[in-house]
Amino acid sequence: GGILPGSLQPAAGSQPTTAAASSEPATAGTPTDAAAGSMPPAGSPAPDDSSGPAALGPGTTAIVTAAGDGLRVRTAPGVGQDYTKLSPLLRAGTRLQVLLGPVEADGYDWYEISTDADPGTGWVAAGKDGVAWIVAIAP
């Protein structure tokens, strides 16, 4: 299966809570390049589901999610000044082939991807705080 909203199960004996949805930090500083005015659209975050990013890997076909609309592609994994920001930004629905990853850098899991759309090949972050910017799909 895929990531299903609302599938987060509380630990045995714990009280269900909705605090996780309201405690999401601001998305400033994400790899979606706020300087270009291309923040992902606001929306309800997906539950923290560790099976999402784990399902991605070399040879996987993936797609940019609605939350990942405006995803920045970089020349290497990371958000530092040493990495070139490629353009254009990837729009929601863009299909990707995962070449390498995950590589953890600067608090994100990064994947080297290839796409038929420009810029072609580069590195993207998979998401942040349980919100997936790319997800694996059936080939």
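The values are calculated or read from the model by the stated rules, or taken from the named source; none is laboratory data. Just so it is clear, the structure is predicted and the values come from calculations on it, not from any experiment. So basically every Cβ, Gly included, is an ideal-geometry build from the backbone, and we count neighbours across all protein chains shown. When the accessible area is computed, the model is the full protein with side chains, heavy atoms only, and any ligands, DNA or RNA have been set aside. Shrake-Rupley method; radii C 1.70, N 1.55, O 1.52, S 1.80 Å.
A few comments on the model shown:
- Scanning the range 72-102 for residues that are under 15 Å from T60 (Cα atoms) and either of a type in the set (F, W, Y) or open to solvent by less than 60 Å² (accessible area, probe 1.4 Å) (or both) yields T94, L96, V98, G101.
- Subset tally (residues that are assigned to a loop (DSSP other than H, G, I, E, B) and touching a strand residue (DSSP E or B) at 6+ places or on another chain (Cβ under 6 Å)) for the range 87-102: 2
- Residue count for the range 63-86, restricted to those that are among the polar types (S, T, N, Q) and closer than 17 Å to P119 by Cα: 2
- Failed criterion for D82 (all others in (1) charged (D, E, K, R); (2) modelled with pLDDT under 95; (3) touching a strand residue (DSSP E or B) at 6+ places or on another chain (Cβ under 7 Å) hold): (3)
- Filter result (at negative phi, touching a strand residue (DSSP E or B) at 6+ places or on another chain (Cβ under 7 Å) and either part of a loop (DSSP other than H, G, I, E, B) or surrounded by fewer than 14 Cβ atoms within 10 Å (Cβ to Cβ) (or both)) within the range 62-71: T65, A67, G68
- Selection within the range 103-136 - of a type outside the set (G, A, S), farther than 11 Å from R72 by Cα, open to solvent by less than 50 Å² (accessible area, probe 1.4 Å) and part of a strand (DSSP E or B): Y108, W110, Y111, E112, I113, V131, I134, V135
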